[in-house]
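Just below is one structure, and these are the notes that go with it.
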Amino acid sequence: MNITQLSVFLENRKGRLAEVCSLLGRHQINIRALTIAETESFGVLRIVVDKPDEAAALLKEHRITANVTNVVAVEVPDKPGGLAGVLKVLADHDVNVEYMYGFVEKSSDNALMVFRFDAVEAAIKVLSDSGIKIVGAEHIRGL
């Protein structure tokens, strides 16, 4: 149950992030989750949007470099130690988390987290077998 993430490569200059977000907004593409990693000269904007195929095509059309990556969205108990419990399950099964970030919205009484794993299918199996709910693309579009 993967969802699509776009990794958008941006030069590190004033207003560039606003330009990309405005472009998506003008085309009615809603950002559901995001994180930014940066260096001195460029940044990587990782986003989950409600229309990933349209967003990827739009960015390409505007000559904005973006890679499509499969990630996993997981419901995490929204309480102290909730995330630690999910991470312990993964660690106990030798599943490596490459990176993760949170959603801006909530689903039910749980928080939503986006995970990038080095072994996606193994991670999905461990999470599912442990009763941890994985959120699909349909759910993301409905947020």
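Only residues that are polar (S, T, N, Q) and either more than 18 Å from residue 33 (Cβ to Cβ) or within 12 Å of the chain's Cα centre (by Cα) (or both) were counted across segment 74-123, and they come to 1. Considering only residues in segment 20-47 that are β-branched (Val, Ile, Thr) and closer than 17 Å to residue 9 by Cβ, the one that is surrounded by the most Cβ atoms within 10 Å (Cβ to Cβ) turns out to be 47.
Here residue 137 meets each of (1) surrounded by fewer than 18 Cβ atoms within 10 Å (Cβ to Cβ); (2) in the same structural domain as residue 21 (by TED's automatic domain parsing); (3) under 13 Å from the mean Cα position of the chain (by Cα); (4) aliphatic (A, V, I, L, M) with one exception, condition (2).
For segment 9-30, state whether one or more residues are farther than 23 Å from residue 118 by Cα, at pLDDT below 95, assigned to a strand (DSSP E or B) and of a type in the set (Asp, Glu). The answer is yes; a qualifying residue exists. Can you pull out every residue in segment 86-132 that is under 22 Å from residue 46 (Cβ atoms), assigned to a loop (DSSP other than H, G, I, E, B) and touching a residue at least 40 places away in the same chain (Cβ under 8 Å)? Hit for segment 86-132 is 132, nothing else.
Once segment 10-19 is narrowed to residues that are out of contact with any strand residue (DSSP E or B) (no Cβ under 6 Å at 6 or more places or on another chain) and hydrophobic (A, V, I, L, M, F, W, C), the residue that is surrounded by the most Cβ atoms within 10 Å (Cβ to Cβ) is 17. If we scan segment 53-67, do we find a residue that is assigned to a strand (DSSP E or B) and under 22 Å from residue 117 (Cα atoms)? Yes; the residues of segment 53-67 include at least one that is assigned to a strand (DSSP E or B) and under 22 Å from residue 117 (Cα atoms).
On the basis of being of a type in the set (D, E, K, R), surrounded by 12 or more Cβ atoms within 10 Å (Cβ to Cβ), within 25 Å of residue 134 (Cα to Cα) and not assigned by TED's automatic domain parsing to the domain that holds residue 133, does residue 116 make the cut?
Working: of a type in the set (D, E, K, R): yes; surrounded by 12 or more Cβ atoms within 10 Å (Cβ to Cβ): yes; within 25 Å of residue 134 (Cα to Cα): yes; not assigned by TED's automatic domain parsing to the domain that holds residue 133: no.
No.
For residue 39, are the conditions met, namely being in contact (Cβ under 8 Å) with a residue 40 or more places away in the chain and among the polar types (S, T, N, Q)? Judged against the criteria, residue 39 is not a match.
The values are calculated or read from the model by the stated rules, or taken from the named source; none is laboratory data. Bear in mind that the values here come from a model prediction, so they are computed numbers and not experimental data. Neighbour counts run over all protein chains shown; Cβ positions are idealised from the backbone, glycine included.
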